[in-house]
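A quick write-up on the structure given underneath.
Please treat every number below as a calculation from the coordinates, not as lab data. Not measured: the values here are computed from a predicted model. Glycine gets a Cβ as well: all are built from the backbone with ideal geometry, and neighbour counts include every protein chain shown.
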Amino acid sequence: MTFPILSVIVFTPIVAGMLILLFPEERKDEVRVTALAAATFALLLSVWVYFTYDLDAAGYQFQEAYNWLPALGIGYHVGVDGMSAPLILLTGVVMFTGVLISWGIEDRPREFFAFLFILASGVFGVFASLDLFQLFFFYEIAVFPMYLLIAIWGWIRTREYAAMKLTLYLFVGSVIALVGALAMYWTAYQNTGVLSFDMLQLEQANFSEQFQAAWFLPVFFGFAVLGGIWPFHNWSPDGHVAAPTAVSMFHAGVLMKLGAFAALRVGIMLLPQGAQHWSWLIMTCAAIAVVYGAFIAFMQEDMKYMIGFSSVSHMGLVMLGLSTLNKTGLTGAGVQMFSHGVMTALFFAVTGMIYDRAHTRQIPELGGMNTVMPFAGIGFIIGGLVSMGMPGFSGFIAEFPIFMGVWYVQPWVAIVASISIIITAAYIMRNIRDVFFRPMPENLEGHITDVNVLDKIAILTVCLFMIGIGLFPSLMVPMVQTGVDNILRLLGGA
Amino acid sequence: MDFINDHLLSLILFLPALTALVIFFLPQDEVKLIRWTALIGSLFPLALSLLLWTRFNLNGFGFQFQEQYKWYEALHSTLHLGVDGLSLTMVLLTTLLTPLAILASFGITDRVKAYMMLFLFLEMGMLGVFLALDLLIFFVFWELGLVPMYFLINQWGSANRNYASLKFMIYTMGGSLGLLLAIQMLGVAFGTYDLPRLYELWPTASALNNIPAWLPIEKVKTIAFWAFVVAFAVKVPVWPFHTWLPDAHTEAPTAGSMILAGVLLKLGAYGFLRLVLPLYPEQAQTFAGALAFLATAAIIFGAFGSYGQTDFKRLVAYSSVNHMGFVVLGIAAAAAAYGSSNEVWKASYPIALNGAILQMFNHGLSAAGMFFLVGVIYERTHTRNLNDFGGLFPLVPVYGGILIFTSMASLGLPGLNGFVSEFLVVRGSWPILTLYTAISMIGLLFTGAYILKGIKQVLHGPMNEHWAHGEHKLTEINAREILVMAPLMALILWIGVWPVWILDVINRAVLASF
């Protein structure tokens, strides 16, 4: 029997979380070290999965399947393909950096890390799931700890409101998607006589075109709510702002990908004809999100709100890539999920470092950060360049094919959506200039200290990924393409 | 040696980045070490481009020293490098001006490490544009050069730098947006970004494959043509897209202005020559009149604008608009003559193009020199206001002599380089665009006026006693600064007296590509 590497990755965080809960509360350092050890272990394994994935063989690899409730056709079935392997890696990176950034949490670190790790297990689980029921199971596991993490450790002014809003939005979305999933389950039973939630089986279920067209929207949008698709995005900036730093990183970096990924895996891949039927609607919503998100971000004075809305804009690009349903666009969407994940995690990390020191996130009240924390400043600048889609960084590698993919379908959408590039450049450059380079306000003088070595390791880790992929797209693009080929096969093309 | 031969272009392209990486690992406080590493590191690309120049086959057709590496296979884009006479000239200009600019920056004491690294990355960005034979790679380096320049202006610039740097960034990115979209359209339509392939495919394309047709192909080509033109016109800059330039040039640190005027503006003109003319010959011909109009406007308004300045640096900045106008005029003449059967036109447009390309090189030399000289005096007096100077010649005779020499090159005095190229442009454009060329002579007249005004206000007239005595006493140009000017002045004179060595190379490109 081969080493069940995916299961180990999925369950490492939750086991570590339980272990941490057994520690006496006051032994905070032991808690942190255990957390870091678990996160490092998960990161190394996800790197291992990423680099040992066989590109020539493609398809689903590292599969494990066990019966769970055979009578209902529910199983435990995990595996990764070219689409999900980068996201597993992304989760590993964000988890590792998230732990490093949260080192300084003094308020009940034991429970904090435990919940954070339950969340991480849920996320890993969704990305690795090949069983629809199991996917929902992990999906809810990922969403629920968010509520506690925000409500307990969040920003005191809005945390209860934001936690409630976020949880309600996501639960409503997932319930709608679940209804769609049950409809698929029963219809597949009628069509094939097999009761199964296994997605590889459901792909073969021959859903009728009417069925697909009818159920695609609830399933896709049910999940896409978590991906922050316009007009269901407005839980997301509130959630980002209220969440503590590491949770914001998880939230924007990974959770939003969960929505986009599930919408792709369940919506587009199981209901391909439905996707073709409704792609115009997704494209419209996505294009609006891209431009509108950028405009709103431009108007923000709170750094976290700015990044939150920029996430709406960038996740809009992911949706835009998905809506093209062609190879170029889907590839771009896959890379953008990773690129945006590391980039926005970095943004929230640096914003958190600034907030911890200055106790404000209002851009007009900040300044001169580069003189005291140059390392964080350079990190933020690199993140900004990724965000702007500057060539040489991963953002360009992702955005360029997305726009190209749109050209194949609707040239004018590409032209309209490209406006966001300029707006993004404007707000990012303005933010960098104001927060990092103008003279520091007097009331902050002397209170700001440099970031510590753990923060630097975290920043360096994500920067390496962003620059590495930017200079050598072949590190990621061929892998995503194998995943895309699989999607295209379901869509009936190529 | 074989390795160097086979990878000459990629070595030239990536050595600056390598040097920057070395500097990254040097200790922050070793300012001297950092400066010298940067300078010596930037001399390697210069040496290699001189080697390139001697190896360049004057009888060869097409692109030489080609190299091709995998880059973004999913989009069929490769790192395809190659030079012809045009890019070779520009590469030489870039690798020549960068060490001089670095030498000119030895006075910088604030965050030297970051400054030098940005400068070297900037050099890589510019070289990449000149060497690229792949449209996507072209765009990558085109945008990449923006970032270091933005930070150089924003961090080491003078008082109004925030405004100027953001304006520079947004203008250029806004201009490039159309270029980005047009490049994507080409890539989608033909499944390749390779320039030599696109040269064959795009001008003759009669239908857009892979793209839902919603406009006739001719309209699409026209729109894409203007998207390209606007991107490059912003960079050149052609009137009315020039307003970012005086701000950026004025606020940038001295060496930044040298590179900005010396090389960055050439990127725009290079884009016209490398992409617009070969990819859109018919559209270029249709709109050659409009281009010539813009060029003439740039020549005249640039000269007037320059004459109206009281800030020495702004005066020099506007003169760039004026001089680059001649480049565009030459390009417009070549565009107008495309496919013409008129014998006189056929004989004239290569002359105009030769002039335009030589003017790019010449303006690179003289503008970099002028900005440096402005920087020299600014460093000593902390003012650029022309009214604050006056009668400085007796105080700084050597500086005065150098200033007059460089100004004369800029003015177009026969015997110096500016005359050769401007004469070629005018001679070549005259039969094709007679009216515009005639009108642009007004601009040439005012070139003389503003140059003489600058010299007069600084060097002649009653001496401003403020600079003559005491703590404000003006000191003479020092040896390092003369060392910066010496190669520029030597080349200015050399090309002015005997331009054949460089025109041979340029003419090769003109005959082969246009």
Taking the beta-carbon count within 10 Å as an exposure proxy, list B:Ile404, A:Ile402 from fewest neighbours to most. B:Ile404, A:Ile402
With the dipole of the range A:5-491 worked out from charges on the C-beta (+1 for Lys and Arg, -1 for Asp and Glu) around the Cα centre, which of A:Met476, A:Leu217, A:Pro86 lies farthest toward the positive end? A:Leu217
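Rounded, prolate or oblate: which one fits the protein assembly as shown, using the alpha carbon gyration tensor with axes a ≥ b ≥ c (rounded when a/c is under 1.5, else prolate when a/b beats b/c, else oblate)?
prolate
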Starting from the amide H of B:Gln64, placed 1.01 Å from N in the peptide plane, find each other amide H under 5 Å away whose residue is 5 or more places distant or on another chain. B:Val83, B:Asp84
Relative contact order of the range A:5-491: what whole-number percent is it, with Cα pairs under 8 angstrom and at least 6 residues apart? 16 percent
Quick one: angle between helix B:343-381 and the longest Cα principal axis of chain B, in degrees between 0 and 90, rounded to 10, please. 30 degrees
B:Ile170-A:Arg27 FRET efficiency (beta carbon distance; Förster radius 56 Å; 0.05 resolution): 0.60
Give me the distance between the Cα centres of the range A:207-234 and the range A:461-481, rounded to whole Å. 30 Å
If you average the alpha carbon positions of the range A:302-329 and of the range B:331-400, how far apart do those two centres end up, in angstrom? 46 Å
For the range B:468-514 and the range A:145-194, compute the distance between their C-alpha centroids and round to whole Å. 69 Å
Which one of A:Ile467, A:Leu100, A:Val49 has its Cα pushed farthest toward the positive end of the charge dipole of chain A, where Lys and Arg give +1 and Asp and Glu give -1 at the Cβ? A:Ile467
Can you compute 3J(HN,Hα) from phi for each residue in the range A:172-189, using the Karplus curve 6.51 cos²θ - 1.76 cosθ + 1.60 with θ = phi - 60°, rounded to whole Hz and x for Gly and Pro? 4, x, 6, 5, 4, 5, 5, 4, x, 5, 5, 4, 4, 4, 6, 5, 4, 4
Full-extension gain between B:Ile4 and B:His76, please, as 0.36 nm times their residue separation minus the C-alpha to C-alpha distance. 23.2 nm
Can you figure out the FRET efficiency of A:Leu55 with B:Thr243, using R₀ = 45 Å and their beta-carbon distance, to the nearest 0.05? 0.35
Suppose R0 equals 56 Å. What FRET efficiency, 1/(1 + (r/R0)^6) with r the Cβ-Cβ distance, do B:Val22 and B:Lys346 give to the nearest 0.05? 0.65
Quick one: how many lysine pairs in chain B have C-alpha atoms under 21 angstrom apart, if they're 8 or more apart or on different chains? 10
Charge dipole magnitude, Cβ of K and R +1, D and E -1 - chain A, Cα centre, debye nearest 20: 460 debye
Any idea which of B:Gly187, B:Leu198, A:Ile282 is furthest toward the positive side of the dipole for the protein assembly as shown, if Lys and Arg beta-carbons carry +1 and Asp and Glu beta-carbons -1? B:Leu198
Could you list the GluC sites (Glu not before Pro) in the range A:1-71 that lie in coil according to DSSP, counting only those with at most 14 other Cβ atoms within 10 Å of their Cβ? A:Glu25, A:Glu26
Counting only residues 5 or more places away or on other chains, whose amide H sits under 5 Å from the amide H of A:Asp302 once H atoms are built in the peptide plane? A:Ile363
Can you give me the relative contact order of the range B:296-356 as a percent, contacts being Cα pairs under 8 Å and 6 or more apart? 32 percent
What angle, in degrees between 0 and 90 and rounded to the nearest 10, separates the Cα long axis of helix A:28-52 from the longest principal axis of the Cα atoms of chain A? 50 degrees
At 222 nm, what helix-only mean residue ellipticity would the protein assembly as shown give, in deg cm²/dmol to the nearest 500, using -39500 (n - 2.57) for each DSSP H run of four or more? -23500 deg cm²/dmol
Residue by residue through the range A:427-435, which ³J(HN,Hα) values in whole Hz follow from phi under the Karplus form 6.51 cos²θ - 1.76 cosθ + 1.60 (θ = phi - 60°), with glycine and proline marked x? 6, 5, 4, 5, 5, 4, 5, 6, 6
Relative contact order as a percentage, the range A:75-187, C-alpha pairs under 8 Å and 6+ apart, gives 26 percent
Using +1 on the beta carbon of Lys and Arg, -1 on that of Asp and Glu, and nothing else charged, what's the dipole of the range A:131-260 about the Cα centre, debye to 20? 460 debye
When you take every Cα atom in chain B, what is the radius of gyration, and what is Dmax, the widest Cα pair distance, in Å? 22.1, 75
For A:Asp238, A:Asp131, A:Asp485, B:Asp2, ascending order of other Cβ atoms within 10 Å (fewest first) is B:Asp2, A:Asp485, A:Asp238, A:Asp131
Fewest-first sequence of A:His447, A:His240, B:His242 by Cβ atoms within 10 Å of each Cβ: A:His447, B:His242, A:His240
Residue by residue through the range B:389-402, which ³J(HN,Hα) values in whole Hz follow from phi under the Karplus form 6.51 cos²θ - 1.76 cosθ + 1.60 (θ = phi - 60°), with glycine and proline marked x? 8, x, x, 7, 3, x, 6, 10, x, 5, 4, x, x, 5
Return one number: the angle in degrees, 0 to 90 and rounded to the nearest 10, between the long axis of the Cα atoms of helix A:109-128 and the longest principal axis of the Cα atoms of chain A. 30 degrees
P(r), alpha carbons of the range A:5-491 - 10 Å bins starting at zero, rounded %: 4, 22, 33, 27, 11, 3, 0, 0
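How large is the dipole of the protein assembly as shown about the Cα centre if only Lys and Arg carry +1 and Asp and Glu carry -1, each at its Cβ, rounded to the nearest 20 debye?
1620 debye
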